[in-house]
Amino acid sequence: REALAVAAQLCGPELERYGRCVAASPGSWHQDCHQLSLSVTACASNHPLVRRIRRDCSDSFGAFERCLRERPQSAAECGPHVSQFLLCAQNVTQSATPGDTATATPTATPRD
């Protein structure tokens, strides 16, 4: 939860644009919204906690991404993969040190 809150705090505009794109393109969001996804990733990766989650939970997140690519019309079938990733992220967040969870100062990133 905390990592998602950090991403939302630091990358709210990017997340908002990406969410609108996904909602507007249910059958082709994985192609249509790719650049927006990259901008969210670039923004979020500036925070130490997010970097730790990306490192420690890369397997479960990769499985989720593969599921979405294989089932672009039925992303709801990827729910178990989301659950595994969120559980991993929660474990990382709970074991985080205070320095990991401090609010980072976002660096300049390109805006769409």
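Positive-end ranking of ALA44, CYS67, PRO26 along the dipole of segment 2-96, with charges on Cβ about the Cα centre, is headed by ALA44. Charged side chains reduced to their Cβ positions (Lys and Arg at +1, Asp and Glu at -1) give segment 2-96 a dipole of some 140 debye around its Cα centre. If you sort CYS78, CYS21 by accessible surface, 1.4 Å probe, largest first, the order is CYS21, CYS78. Take every Cα pair under 8 Å whose residues are at least 6 apart in sequence, average their separation, divide by the length of segment 2-96, and the relative contact order is 30 percent.
The values are calculated or read from the model by the stated rules, or taken from the named source; none is laboratory data. Given the structure is predicted, the values throughout are model-derived calculations rather than measurements. We place every Cβ from the backbone using ideal geometry, glycine too, and count neighbours over all the protein chains shown. The accessibility values were calculated without ligands, DNA or RNA, using every heavy atom of the protein model including side chains. Shrake-Rupley method; radii C 1.70, N 1.55, O 1.52, S 1.80 Å.
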